[in-house]
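Beneath this line is the structure, given in structure tokens, with notes to follow.
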């Protein structure tokens, strides 16, 4: 089905609109659900596998590496053969890799399968954004994206809680069997989606030639600024995620279930700010809201580091700081993506791939930082958040009014 046909469908059926948005939200959730569901199990997995907290952080980094590299491949492919087929193929890889993780007996095996999990999940992550850009543009796209992220956030809201219950009832391997089941369900949901991609004037573009678009996109200054603002925020966010289980379970003494509720609180704040973002974009530009969110994230990170340096352990204060930092995702992530894609509306697949690769590359760098410099304290985590806040804030201040170019 062509883009025009699907717009007619959306106008005719609110239920169809919800089904499409819900499926896109589920696809976007693969960027986080494979992390949030198993985070409470990291300390237990470390004991079973004979690894320390820093080594377990590499399972997060390898997944993010797969998300980063995979988007660079799936994006251009989606601009050549359509959106649905690459997504389904990627989900098949995801399911197989999840089963591989469940059957693994060593840390190195899990790290390897997590890489392929990320490669498979990245197809849905990058092409769900391209589908959204097929249907909407400008502030409307940013508003819809915030709605998608708010729906998507229901997954990481309940993911840690479900993961903790699976861990306490069965064990950590069942978490990966659950991920495989989610992947199979999503294949069925994607199968029912209409195709939104419209064949370009070049009826049979060579797949390799599509990758040449990265050269043109690489010269797009505004795309780089918007995408890099999001990448720096992800650096701070995944710096927190990579170290959170060690900091709050091993150091602060929270149980896996208590830690899961902490993550759920942070995720609830993301849902709320995304819903607010969708509303205020009717009055303010995504550029202005992006700047506000990045500034608040920076202030929260500064306060967090000051707490660690001056007071050492201050659990409640740190929880408040982290929830505020996480909440700013609602104002930073969607608007940085919308700003990036708005600069090149005719290359949504490749542009979405570049944006996703930069953002999850930033997240991978943040998780690697806390893995390499883990010292038994919360200091590496808060430093990663501060670096992310500084970069996101500085780059958001350099954005210019919308000027589509490609």
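Things to note:
- Only one of 405, 340 that is assigned to a loop (DSSP other than H, G, I, E, B) and either touching a helix residue (DSSP H, G or I) at 6+ places or on another chain (Cβ under 8 Å) or modelled with pLDDT of 85 or more (or both): 405
- Against the test of being surrounded by 15 or more Cβ atoms within 10 Å (Cβ to Cβ), at negative phi and at pLDDT below 80, the options 36, 79, 5 yield a single qualifying residue, 79.
- Qualifying residue in the range 277-295 (condition: in contact (Cβ under 8 Å) with a residue 24 or more places away in the chain, in a loop (DSSP other than H, G, I, E, B) and crowded, with 17+ Cβ neighbours inside 10 Å): yes
- Taken over the range 84-113, residues that are closer than 17 Å to residue 24 by Cα and over 21 Å from the mean Cα position of the chain (by Cα) amount to 1.
- Against the test of being part of a helix (DSSP H, G or I), modelled with pLDDT under 85 and crowded, with 16+ Cβ neighbours inside 10 Å, the options 250, 274 yield a single qualifying residue, 274.
The values are calculated or read from the model by the stated rules, or taken from the named source; none is laboratory data. Fair warning: this is a prediction, and the values are worked out from it, not measured in the lab. All Cβ positions, even for glycine, are placed from backbone atoms using ideal geometry, and neighbour counts span all protein chains on display.
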